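Worksheet: one structure, shown below.
Read-outs throughout are calculated quantities, based only on the coordinates presented, and are distinct from any laboratory measurement. A quick note: this is a predicted structure, and the numbers were derived from the prediction, not measured. With ideal geometry, Cβ positions are generated from the backbone for all residues, glycine too; neighbour counts draw on all protein chains shown.
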Amino acid sequence: MAGELHVDLDAVRAAGGRLQRMGEDMMSLIEGFATDTEAFAGACGNDKYGERIAGGDNGYRESRESLIEVGRSRAESTDEYGTGLKDVTTRFEQTEADNAELFK
């Protein structure tokens, strides 16, 4: 026989809000990083040594772009998880209200 499941919807909704704020903070950090590091794109020099540092698959430019892309993706995912938690609480409450109305 199945037991009862109790969900604190306010706690779930609050956790969703915290995740959304974390996602926003993460995005702010990565955008700040992108802005702050843009100035260093040519700092390695234009000679062959500078190009070895900055160019290629593991160079400064490619690594910077990869870090920014991954950071943005993680920030967006965190925000979406928070939104999902908040949405599911709203849907659960609506389902409960609909069921209560049906069984009057």
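Structure data summary
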{"read-out": "Cleavage-rule hits (chymotrypsin sites (Phe, Trp or Tyr not before Pro)) in the range 16-104: DSSP loop, at most 11 neighbouring Cβ within 10 angstrom", "value": "F103"}
{"read-out": "Packing rank of 4-12, 50-58, where each peptide gets the mean count of other beta carbons within 10 Å, highest leading", "value": "50-58, 4-12"}
{"read-out": "Helix-only [θ]222 nm of the chain, DSSP H runs n ≥ 4, -39500 (n - 2.57) each, per residue, nearest 500", "value": "-27500 deg cm²/dmol"}
{"read-out": "Among T35, L19, Y60 - extreme Cα towards positive end, dipole of the range 10-94, charges at beta-carbon", "value": "L19"}
{"read-out": "Gyration tensor (Cα) of the range 10-94, equivalent ellipsoid semi-axes in angstrom", "value": "40, 11, 6"}
{"read-out": "Relative contact order of the chain, pairs being alpha-carbon contacts under 8 Å that are 6 or more residues apart, as %", "value": "44"}
{"read-out": "Between helix 9-38 and the chain: long-axis angle, C-alpha atoms, 0 to 90°, nearest 10", "value": "10"}
{"read-out": "Helix axis angle, 60-102 relative to the chain longest principal axis, alpha carbon, degrees", "value": "10"}
{"read-out": "Total charge dipole magnitude, the chain, about the Cα centre, Cβ charges on Lys, Arg, Asp, Glu only, Debye to nearest 20", "value": "240"}
